[in-house]
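Encoded as structure tokens, the structure appears first; notes follow it.
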């Protein structure tokens with residue numbers, strides 16, 4: 001509940017009119033992603049829900065249409081544990097739409113038991129960083145053709161958890177796996193990616209605004225993998241320690257929609273509840289690590305994705 005008492009610099013009511021805007025939100029069939037999709041649709045945005053479960057997400061799409069009256073709510077299937085699915089998603093999106101103004105990389109997993117993605121990448125690193133990086137690279141030309149546009153990478157205060165190095169070469173080694181540290185590393189990568197992409201876009205003179213955020217400790221099913229927590233513990237954790245999904249969505253809604261971002265040239269920053277800027281810490285604040293992560297991810301994608309020619313920037 002500590003997040004609940006943070007200074008509130010943004011509210012749902014401050015979301016501007018988004019008519020004519022097109023947004024993709026990953027992981028938007030539940031939790032804070034669903035809140036973002038609902039509230040952006042309410043303001044006239046065309047919203048694409050990018051989720052794995054087709055049946056569940058189509059039900060949510062109809063709910064949002066019914067509640068908002070906005071019929072421009074769409075679903076394109078996306079499984080972040082399969083890079084081939086990311087490729088297909090981008091192809092399908094570009095076959096339906098010519099512009100993209102907001103990419104909200106919201107989906108994530110937290111502290112899950114060791115598992116590998118379909119491509120042989122540790123699941124937290126694969127979902128929280130690699131797939132979203134790849135999705136962003138595939139859609140970056142569309143975002144650059146739709147400026148001013150925005151990318152929001154949902155990170156976490158967990159990047160503060162202490163570790164000395166990313167150790168990317170052993171990130172998918174089961175013998176080196178620690179579910180908490182690996183989660184912290186994946187969330188650190190969200191910030192490092194934000195910083196390096198911003199640097200490259202600014203060098204190019206591109207008017208794409210990239211930022212990261214910690215949504216808060218939010219009541220959700222993410223707590224199911226916390227070590228030692230059972231169903232009752234998860235219930236109490238969510239009730240006593242967490243803010244609501246509505247509050248958890250505020251900071252990323254601020255970065256995705258507020259006129260402040262363009263007016264104040266907010267780029268490459270890390271925000272915490274509720275729309276408060278904060279300096280990243282630990283490895284996420286290092287100067288050389290953003291490029292190290294970028295190069296590693298590029299080489300990994302060239303290895304795992306047939307025909308990947310590299311980032312368009």
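Give me the residue from region 198-216 that is crowded, with 23+ Cβ neighbours inside 10 Å and part of a loop (DSSP other than H, G, I, E, B) and, out of that set, farthest from the chain's Cα centre (by Cα).
Only one residue tops the list, namely 216.
Hey, can you tell me all the residues within region 1-19 that are at pLDDT 95 or above, assigned to a helix (DSSP H, G or I) and within 14 Å of residue 248 (Cβ to Cβ)?
Within region 1-19, 12 is the sole residue that qualifies.
Are there any pairs with C-beta distances below 6 angstrom linking a residue in region 257-272 that is in contact (Cβ under 8 Å) with a residue 12 or more places away in the chain to a residue that is assigned to a strand (DSSP E or B) and crowded, with 18+ Cβ neighbours inside 10 Å, with the two at least 6 apart or on different chains, and if so which?
Within 6 Å, the pairs are 261/209; 267/209; 269/211; 270/212; 271/213.
If only one of 164, 185 is part of a helix (DSSP H, G or I), touching a residue at least 40 places away in the same chain (Cβ under 8 Å) and over 27 Å from residue 264 (Cα atoms), which one is it? Can you show your working first?
Details: 164 fails: part of a helix (DSSP H, G or I).
From the options 164, 185, the qualifying one is 185.
Just to check your reading of the model, which residue among 34, 88 is part of a helix (DSSP H, G or I) and touching a helix residue (DSSP H, G or I) at 6+ places or on another chain (Cβ under 7 Å)? Explain how you work it out, then say what you get.
On the way: 88 fails: touching a helix residue (DSSP H, G or I) at 6+ places or on another chain (Cβ under 7 Å).
The unique qualifying residue is 34.
Of the residues that make up region 106-129, is at least one over 25 Å from residue 295 (Cβ atoms), at pLDDT 95 or above, surrounded by 20 or more Cβ atoms within 10 Å (Cβ to Cβ) and in contact with a strand residue (DSSP E or B) (Cβ under 6 Å, 6 or more places away or on another chain)?
yes
Can we say residue 153 is farther than 22 Å from residue 89 by Cβ, assigned to a strand (DSSP E or B) and modelled with pLDDT of 95 or more? Don't jump to the end; show me each part of the working.
Working: farther than 22 Å from residue 89 by Cβ: no; assigned to a strand (DSSP E or B): yes; modelled with pLDDT of 95 or more: yes.
So residue 153 fails the test.
The values are calculated or read from the model by the stated rules, or taken from the named source; none is laboratory data. Since the structure is predicted, the reported quantities are computational estimates derived from the model, not experimental observations. Every residue, glycine as well, gets a Cβ built from its backbone with ideal geometry; the counts of neighbours run over all protein chains shown.
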